[in-house]
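K.L.:
This is the structure, below, for whatever I ask next.
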Amino acid sequence: MSTFKEDMVNDMQDTFLNTDEFGIQVTLVRDGNQYTMNSLFDEPSLDGAAIGAEVQAILHRPRLIVRSADLPGKIARKNDTFILTESPLNPSGTYIARDFIDEKDGSVTYELQVAR
């Protein structure tokens with residue numbers, strides 16, 4: 001692994017996923033088992049269509065970033081369920097993975113939806 005890539009992986013683990021910095025702890029529920037891991041949660045907004053003269057709809061797309069090494073079998077799956085406890089950085093709730101992408105830095109970015 002190149003020094004740059006090693007630095008990126010270390011930064012992800014030591015800074016962004018670190019719960020003393022930006023990270024939060026989440027619980028993954030898969031096949032009846034629970035796994036606790038550090039993650040990075042955000043809800044970027046996508047501007048929606050204008051509705052009337054002054055009202056605009058905003059769509060929020062929650063996403064979660066975890067290390068692939070922390071996942072069971074190091075594999076991400078659609079329909080993984082994540083439980084978040086409220087913190088200053090995120091709301092509480094249960095989220096279902098709609099989709100995911102395996103990133104080159106050893107992380108997985110999940111696109112989430114609120115579980116109903």
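The values are calculated or read from the model by the stated rules, or taken from the named source; none is laboratory data. Quick caveat, the model's predicted, so the values are computed rather than measured. When we count neighbours, we look across all protein chains shown, and the Cβ atoms used for this are built from the backbone with ideal geometry, even at glycine. Remember, those area values only see protein heavy atoms, side chains included, never the ligands or the DNA or RNA. Shrake-Rupley method; radii C 1.70, N 1.55, O 1.52, S 1.80 Å.
K.L.:
Return the long-range amide H neighbours of Phe100 (sequence gap of 5 or more, or a different chain), with a cut-off of under 5 Å between placed amide H atoms.
P.N.:
Result for Phe100 returns Glu111.
K.L.:
Give me the aspartates and glutamates in straight-line cross-link reach of Lys5: C-alpha distance below 13 Å, same-chain residues under 8 apart excluded.
P.N.:
Here the aspartates and glutamates satisfying the reach criterion relative to Lys5 are Glu103, Asp105.
K.L.:
Next question, about the same structure. Charges only on Cβ, +1 for Lys and Arg, -1 for Asp and Glu: so what's the dipole of the range 61-116 about the Cα centre, in debye to the nearest 20? Before the final figure, lay out each step's value.
P.N.:
On the way: 9 positive and 8 negative charges, 33 e Å.
In total the dipole reaches around 160 debye.
K.L.:
Let me ask something else about it. Between Asp7 and Glu103, what is the spin-label point distance in nm, taking each point 7 Å from the Cα along the Cα→C-beta axis?
P.N.:
Modelled inter-label distance: 1.7 nm.
K.L.:
Right, another one. For Thr27 and Ala115, compute 0.36 nm times the residue count separating them, minus their Cα-Cα distance, and round to one decimal in nm.
P.N.:
Here the segment from Thr27 to Ala115 would lengthen by 30.3 nm.
K.L.:
From largest accessible area down, sort Phe41, Phe22; use a 1.4 Å probe on the protein chains.
P.N.:
The ordering from most to least exposed comes out as Phe22, Phe41.
K.L.:
Same structure, new question: Aspartates and glutamates near Lys78 by alpha-carbon distance under 15 Å, same-chain residues fewer than 8 away left out - which ones?
P.N.:
Asp31, Asp99, Asp102, Glu111
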